[in-house]
Each structure stands twice: as C-alpha cells, then as structure tokens.
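A short reminder: the numbers here are calculations on the coordinates, not readings from a lab. For clarity, every value in this text was computed on a predicted model and none was experimentally measured. So basically every Cβ, Gly included, is an ideal-geometry build from the backbone, and we count neighbours across all protein chains shown.
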Amino acid sequence: MSTTLWIGLVVAIVVALMVVGLLVRAGQRRKMEADRARASELHEEGDRTQLEASEQAANAASADAEAGQARVEADRLDAEAVAKSQDAEVSRERAQQHHERAAELDPDTDGHGEGGPPKAGQRG
C-alpha cells in the first residue's frame, strides 16, 4: 500500500471517529435536555404537592380548633346544666319547706300536714 493510501485511510478513520463523537455528544445533549425538562416537571409537581399538604395541614388545624371550641362549649353547657339542676333542687326544697310551714300554720289542719302542695280544689 502506498503512503497516500495510508494517509487517506487514517484521515477517513479520524473523520469517522469525529463524526461518531459528534453524534454521541448530540445524543448526550438531547438526553440532558430531556432530563432537565423532566426534573423541572418533578419540581413543579413537588411544589404543588407541598402546597396541597400545607392547605390540608391548615384545614386540619382549623378543624382541630373548631373541635376544641366545641369541647369548651360542651363543657360550659354541661356546667350550666348542672347549675340549673342544682338550682331546681334548691327550689324544690324551698317549696317543700314552704308547704310544710304552711301546713303547720294552717288552722284547718292538725299541724302535721302532708307537706305537699295543695291538691286541686283545696285552698292553698
């Protein structure tokens, strides 16, 4: 083989390797751009998911606060019911005492009245 042929062969191989190198680099660039685009999409999705999580946490905190207020209101109403029940018991006891005292004072009874309220048709 002549020297010119060898030089031509080496140049052809070098050019072929350069073309292959350029194609490989172009493929790598396309892959990097696709990876960047996918990473950007994932970042956006992560941001949306984080926002949803924050909203859900705020909703949960609000519901918890409402439940706490409801518990406080229920406790207040329970206390009010107990107080009213106690007031009713005191009123019943006072009424009983008044009836007993009235029975003691009433000249038409023997002083040991039944202690209850007058029955319908009786004078009080």
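Entry note, the chain: the mean residue ellipticity at 222 nm calculated from DSSP H runs of n ≥ 4, each adding -39500 (n - 2.57), is -32000 deg cm²/dmol after division by the residues and rounding to the nearest 500. Applying 0.36 nm per residue to the separation of Arg101 and Ala60 and subtracting their alpha-carbon distance, the gain on full extension is 8.7 nm.
Here the simple spin-label model places points 7 Å from the Cα toward Cβ, and for Asp110 and Ala74 these points are separated by 5.5 nm.
A full extension of the chain between Ala34 and Leu9 corresponds to an added length of 5.3 nm, given 0.36 nm per residue minus the alpha carbon distance.
The calculated FRET efficiency for Leu22 paired with Leu51, based on their beta-carbon distance and R0 = 41 Å, is about 0.40. Rounded to two decimals, the Cα radius of gyration of the chain over 2.2 N^0.38 Å is 3.57. Phi-derived couplings, Karplus 6.51 cos²θ - 1.76 cosθ + 1.60 at θ = phi - 60°, listed residue by residue for the range 73-86: 5, 5, 4, 5, 5, 4, 5, 5, 5, 4, 4, 5, 5, 5 Hz, with x used for Gly and Pro.
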